[in-house]
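**Student:** Here you go, one structure.
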Amino acid sequence: MNIVLIGFMGCGKSTVAEKLGEVLDREVVETDGLIELEQRKSIPEIFAQSGEASFREMERRLAERLSAREGLVISTGGGMVTVPETAALLKKNGIAVLLDTPFSDCYGRIAGDCNRPNARSRSRDELCELYLSRQPVYRSVADLTVDGSLSVSEIVGEIVRKVGCERESRAD
Ligand code: S3P
């Protein structure tokens, strides 16, 4: 089983993934980073040159490959699981963990970030609207939800504890 971290931009997925990988001695895959590496382009370049729909298709294809792998910690891009087929692929062999982080915390981390085209192009109100519109999607995809306003070690501890239980219940 993979552990798949989901949630809005700036919710803490990358930081938590890194620590979780250390604690569980698992390989960490950053979907954004891997797409950038393979395309030899930054996310803003991909959005500008090919459009968001192409980026979502790259995410879907990556999810297909990752679903065939085991024991990973996967840190997803914030819009990745909004495409139902991509979410289903990630969940085929993964437990989806939602980092439920208040908008104000996310906003503080993403405001004015040039590397996030979906944040850069929006005002605070527009980002809040996007955040609110995605919450039901994240919740419907999530197998587990963790309070993203806790400290990184607390979040990692919660995930390890809850995923342990989840594994047992899935193994029944
Ligand atoms: C996006 C989130 C980003 C990245 C891309 C689009 C989104 O990932 O995939 O800029 O639409 O929410 P982070 O969640 O790591 O910022």
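Computed from the coordinates by the stated procedures, all read-outs in this text should not be read as laboratory data. Keep in mind it's a predicted model, so treat the numbers as computed, not measured. Note that each Cβ is placed from the backbone with ideal geometry, even for glycine, and that neighbours are counted across all protein chains shown.
**Student:** May I ask you to derive the relative contact order of the chain, considering only C-alpha pairs under 8 Å and at least 6 residues apart, and to give it as an integer percent? Each step should come with its number before you reach the end.
**Tutor:** Numbers: 249 pairs, mean separation 56.1, N = 172.
Averaging sequence separation for qualifying contacts and normalising by length gives 33 percent for the chain.
**Student:** Here's another thing I want to ask about it. If amide hydrogens are placed 1.01 Å from N in the peptide plane, which non-local residues have theirs closer than 5 Å to the one on residue 29?
**Tutor:** 73, 74, 75
**Student:** Which whole-Hz couplings ³J(HN,Hα) result when phi for each residue of segment 15-24 is put into the Karplus expression 6.51 cos²θ - 1.76 cosθ + 1.60, θ = phi - 60°, listed in order with x for Gly and Pro?
**Tutor:** Here the 3J(HN,Hα) series is 5, 5, 4, 4, 5, 4, x, 5, 5, 9 Hz.
**Student:** Find out how many positive minus negative residues lie around residue 92, taking Lys and Arg as positive, Asp and Glu as negative, among other residues whose Cβ is under 12 Å from that of residue 92.
**Tutor:** Working: positive: 65, 69, 91; negative: 64, 70, 85.
Its environment carries a net charge of 0.
**Student:** To the nearest 20 debye, what charge dipole does segment 1-134 have about its Cα centre, counting +1 at the Cβ of each Lys and Arg and -1 at the Cβ of each Asp and Glu? Mind showing how you got there, number by number?
**Tutor:** Numbers: 18 positive and 21 negative charges, 30 e Å.
Charge dipole of segment 1-134: 140 debye, to the nearest 20.
**Student:** Suppose the chain between residue 135 and residue 85 were pulled fully straight at 0.36 nm per residue; how much longer would it get relative to their current alpha carbon spacing? Walk me through the numbers before you get to the answer.
**Tutor:** Working: separation 50, 0.36 × 50 = 18.00 nm, distance 1.77 nm.
Length gained, residue 135 through residue 85: 16.2 nm.
**Student:** Given 0.36 nm per residue, what is the gain on full extension from residue 93 to residue 37 after removing their alpha carbon distance, in nm? Walk me through the numbers before you get to the answer.
**Tutor:** Details: separation 56, 0.36 × 56 = 20.16 nm, distance 2.36 nm.
That works out to 17.8 nm of additional length.
**Student:** Tabulate in residue order the Karplus-calculated ³J(HN,Hα) for segment 80-95, using 6.51 cos²θ - 1.76 cosθ + 1.60 with θ = phi - 60°, rounded to whole Hz; enter x for Gly and Pro.
**Tutor:** Calculated HN-Hα couplings, in order: 4, 7, 7, 9, x, 5, 5, 4, 5, 5, 5, 7, 4, 10, x, 9 Hz.
**Student:** Taking θ as phi - 60°, what are the ³J(HN,Hα) couplings along segment 32-47 by the Karplus curve (6.51, -1.76, 1.60), each to the nearest whole Hz, with x for Gly and Pro?
**Tutor:** Taking θ as phi minus 60°, the curve returns 4, x, 5, 5, 4, 5, 6, 7, 6, 9, 7, 4, x, 5, 4, 4 Hz for segment 32-47.
**Student:** Rounded, prolate or oblate: which fits segment 1-64 when a ≥ b ≥ c are the square roots of the eigenvalues of the alpha-carbon gyration tensor, with rounded for a/c under 1.5 and prolate only if a/b beats b/c? Write down the numbers at each step before the final one.
**Tutor:** Details: a/c = 2.16, a/b = 1.94, b/c = 1.11.
Since a/c reaches 1.5 and a/b is larger than b/c, the shape of segment 1-64 is classed as prolate.
**Student:** Moving to a separate point now. Quick one: which residues, 5+ away or cross-chain, put their amide H under 5 Å from the amide H of residue 6? H built at 1.01 Å from N.
**Tutor:** It is 97, 98, 99, by chain and number.
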